[in-house]
Amino acid sequence: MTTVRISDDALALACGAEAVAAAFAAAGCTVERVSSWGMHWLEPLVEINGVGWGPVSPARVGEIVAGGADDICIGPIAAHPFIIGQQRLTFARAGKTRPLSLEDFAASGGWSALTRARAMAPATVIGEVLASGLRGRGGAGFPAGIKWRTVAEAPASHKFVVCNADEGDSATFADRMLMEGDPFQLIEGMAICAHAVGAARGYVYMRSEYPHAIAKLKAAIALAAEHIAPFEIEVRVGAGAYVCGEETALLNSIEGKRGEVRAKPPLPALEGLFGCPTVVNNVLTLAAVPHILSEGGAALYARLGVDRSKGTMPIQLAGNIRHGGLYETAFGISLGDLVNRIGGGTASGRPVKAVQVGGPLGAYVPPSQFDLPFDYEAFAGADALIGHGGICVFDDSADLAALARFAFEFCAAESCGKCTPCRIGSTRGVELIDRIRVGGKPQADAVERLPQMHNARKAGRSREEELALLDDLLEAMQFGSLCALGSFTPYPVRSALKHWPEDFA
Ligand SMILES: Cc1cc2nc3c(=O)[nH]c(=O)nc-3n(C[C@H](O)[C@H](O)[C@H](O)COP(=O)(O)O)c2cc1C
Ligand code: SF4
């Protein structure tokens, strides 16, 4: 009997994978639900004996079973240009294993890193993480080993491991794919971290918008209990606030408090969850750990990448892009390669105008900077950020002034309200952009405020003065905000102003 492999990842389901699976079952095939390969434009993608077809609709199932449907056949999936060019470490099992199969996990090396780590002294485990050069994948890029060492060395009877699975950035989905496709790997990474720092309990803080990932991870934690004992993990579900991805707001949220950012110091590594030393790491950071703790893994990881950006990054290609999906590769690949060669340019077929890298607080980068290597320091040098590795593509119909305005709007909507530059400055920013654009194309809700804007003009502020005021405001937000929500909002605004001044005319 033919065995057909189809992903049960949320994106595949959204594209109709369930109906396709049912059609294959009705045609007498054995259907195996596996993780996603991450080629989103081909979903629902089906695999028979290593060969792929996609996107498949139920109407094409009969042809595929009969050995036809050549027009949607992509040949051997593992040899597809999108897959073969990748260096998959964190996503090594993507497309290949059944997410909740302990058998598949163990057969592909699962638990061996945990066994190895538990046979080592905690300080040796931390030494391997330090040697790998692993940096946090949630956005700030802080060295994971240093954070772990701080928690390990903090004198306390209780310590925690918290996995940040809030994944609030636009154009990102790697955490979700990992938790849905290879949840045991994250669990193994958390258990290794717990051994290294001396924690008995862990939490995964996940966004409520990920119902499939929540269900999968909870099921996986129950299945893995005996492998990770005495360490225990609990899933906590957020309530939809972007700021709860910020680590201290997240800790408040787990504690049942309002998701408000805490002042640092104290660092969560010293006084985190319930006042105890706490490691807060992103899903991808923790999921990279089993590879690093495998025999020779740390050295291999450190050899990949460039300068201080070591290892691989699961990059997410999204927005107006022809070949959107998950592309894991060593740091150093150029932005242009990712967008044009791998992503195939825009889905609309129009020229690329801008890409926003690093979520809603990331800079907009023009094609003239597409030689920028994917590397934390290179991006920082270009006033941009890698963040969680999301790339959102826009074609030439995008209005960068409207997107700059959106950055302020987003900040105003998501601000926790603790500090003035972010809480008030974001709203003043929306107004300033509208005033700068008077005579251009005001947004719908700005029309109501037009008289007030004209009054500001009548009061004598020229366009240049409004622009100078905007610059002042951005400076106040950048240097006067408590956390990156307020202090990074200037990135999208400044980059839009710098590279597309004509859009603000
Ligand atoms: C407003 C805001 C939102 C954030 N959202 C996330 C998020 O969704 N996921 C994440 O891992 N880190 C997020 N971060 C970064 C975390 O504060 C923190 O740096 C991260 O969890 C540390 O883990 P890492 O070192 O493994 O990256 C956010 C930060 C800010 C300021
Ligand atoms: S910058 Fe904004 S989100 Fe961050 S602490 Fe201040 S008010 Fe809260």
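Pairs to check: K216/K310; K147/K264; K353/K498; K310/K498. Give those whose C-alpha atoms are more than 25 Å from each other in this structure. Pairs exceeding the cut-off: K216/K310; K310/K498. Taking one quarter of the surface of the C-alpha convex hull of the chain gives a mean projected area of 24.1 nm².
Using R0 = 41 Å, the C-beta based FRET efficiency linking T124 and R341 works out to 0.50. Annotation: the antiparallel percentage among DSSP beta bridges lying fully within the chain is about 50. When the helices of the chain are scored as -39500 (n - 2.57) per DSSP H run of n ≥ 4 and the total is divided over every residue, the value at 222 nm lands at -11500 deg cm²/dmol. For the range 264-357, the set of GluC sites (Glu not before Pro) satisfying both a DSSP loop assignment and a count of at most 13 other C-beta atoms within 10 Å is given as E295.
Under 1.5 on a/c is rounded, so check that first for the range 294-435, then, if it is not, pick prolate when a/b is larger than b/c and oblate when it is not; a ≥ b ≥ c are the square roots of the alpha carbon gyration tensor eigenvalues. Because a/c hits 1.5 or more and a/b fails to exceed b/c, the range 294-435 counts as oblate.
Within a straight-line Cα-Cα reach of under 15 Å, K159 can be paired with the following aspartates and glutamates, leaving aside sequence neighbours fewer than 8 residues apart in one chain: E232, E234, E255, E271.
Based on the reciprocal of the average 1/r between different C-alpha atoms, the Kirkwood radius for the range 102-303 equals 16.6 Å. Just the protein heavy atoms count here, and of the accessible area of the range 305-395 at 1.4 Å, carbon and sulfur take up 49 percent. Normalised by residue number, the volume inside the convex hull of the Cα atoms of the range 103-189 is 130 Å³ per residue. Count Lys and Arg as plus one, Asp and Glu as minus one, and take only other residues whose Cβ is under 14 Å from that of E234; the net charge is then +1.
Here the chain is treated with +1 on each Lys and Arg Cβ and -1 on each Asp and Glu Cβ, and its dipole about the Cα centre works out to around 700 debye.
Any idea which of S35, A384, A17 is furthest toward the positive side of the dipole for the chain, if Lys and Arg beta-carbons carry +1 and Asp and Glu beta-carbons -1? Farthest along the dipole direction, towards plus: A384. Inter-label distance, T427 to E32: 5.7 nm, where each label sits 7 Å from its Cα along the C-beta direction.
Within the set of other residues whose C-beta is less than 10 Å from the C-beta of G110, count the net charge using Lys and Arg as +1 and Asp and Glu as -1. Charge balance in the 10 Å sphere: -3. Using alpha carbons only, the radius of gyration of the range 179-228 set against its Kirkwood radius gives Rg/Rh = 0.97.
Taking amide H as placed 1.01 Å from N in the peptide plane, S7 has its amide H under 5 Å from the amide H of V34, L45, each at least 5 places away in sequence or on another chain. In this simple spin-label approximation, A263 and E475 carry label points 7 Å from Cα along the Cα→Cβ vector, and these lie 2.5 nm apart. By DSSP, the beta bridges lying fully in the range 102-303 are antiparallel in about 5 percent of cases. Placing +1 on each Lys and Arg Cβ and -1 on each Asp and Glu Cβ, with no other charges, gives the range 155-219 a dipole about its Cα centre of roughly 320 debye.
Extending 7 Å from the Cα toward the beta-carbon at both E234 and D383 defines two label points whose distance is 4.6 nm.
The values are calculated or read from the model by the stated rules, or taken from the named source; none is laboratory data. Here the structure is a predicted model, which is why all the values come from computation and not from measurement. A quick note on method: Cβ atoms are made from the backbone with ideal geometry, for glycine too, and the neighbour counts reach across all protein chains shown. Heads up: the accessible areas ignore ligands, DNA and RNA and are worked out on the full protein's heavy atoms, side chains in. Shrake-Rupley method; radii C 1.70, N 1.55, O 1.52, S 1.80 Å.
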